[in-house]
1. Among the residues of segment 101-114, is any touching a helix residue (DSSP H, G or I) at 6+ places or on another chain (Cβ under 8 Å), surrounded by 10 or more Cβ atoms within 10 Å (Cβ to Cβ) and at pLDDT 85 or above?
2. Quick one: which residue in 87, 43, 31 is closer than 27 Å to residue 2 by Cα and in contact with a helix residue (DSSP H, G or I) (Cβ under 8 Å, 6 or more places away or on another chain)?
3. From the list 2, 50, 56, exactly one residue is buried (at least 19 other Cβ atoms within 10 Å of the Cβ) and free of Cβ contacts under 8 Å to residues at least 60 places away in the same chain. Which is it?
4. Can you go through 74, 13, 93 and tell me which one is out of contact with any strand residue (DSSP E or B) (no Cβ under 9 Å at 6 or more places or on another chain), closer than 22 Å to residue 107 by Cα, outside any loop (DSSP other than H, G, I, E, B) and without any contact (Cβ under 8 Å) to a residue 60 or more places away in the chain?
């Protein structure tokens, strides 16, 4: 069996495990936000695992930055004395910023694809505008 097929078949299994992790963490802590954070971390880790199985190491590391930073941030904020639900919400928000910064520092820059240039979509730009005069016609 090919590895990419195994990674595709692993998707529903990892999704079920992410739901179970969210339910267990939310039930144990008594907070919906902690359960949501646990689901998001488990889901992100599953995405990184599937990319690693497909042989895309840089994409796997990029995808793993958010769950790792969210986990570290929630532990740090809880140890600082913040309430669990507030530390979970802050970790969800701040992990996105940490992911962007860590990706810019650690990972090589991604080459823009050819569909990122707006000129190729057929949308006129400022250079395509022809200046002219417009006069109102008299109706006969």
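1. Yes, segment 101-114 contains a residue that is touching a helix residue (DSSP H, G or I) at 6+ places or on another chain (Cβ under 8 Å), surrounded by 10 or more Cβ atoms within 10 Å (Cβ to Cβ) and at pLDDT 85 or above.
2. Working: 87 fails: closer than 27 Å to residue 2 by Cα; 31 fails: closer than 27 Å to residue 2 by Cα.
Testing whether each residue is closer than 27 Å to residue 2 by Cα and in contact with a helix residue (DSSP H, G or I) (Cβ under 8 Å, 6 or more places away or on another chain) leaves just 43.
3. When all the criteria are applied, what remains is 50.
4. Values: 74 fails: closer than 22 Å to residue 107 by Cα; 13 fails: closer than 22 Å to residue 107 by Cα.
When all the criteria are applied, what remains is 93.
The values are calculated or read from the model by the stated rules, or taken from the named source; none is laboratory data. What you see is a predicted model, and the numbers here were worked out from it, not measured in a lab. Neighbour counts run over all protein chains shown; Cβ positions are idealised from the backbone, glycine included.
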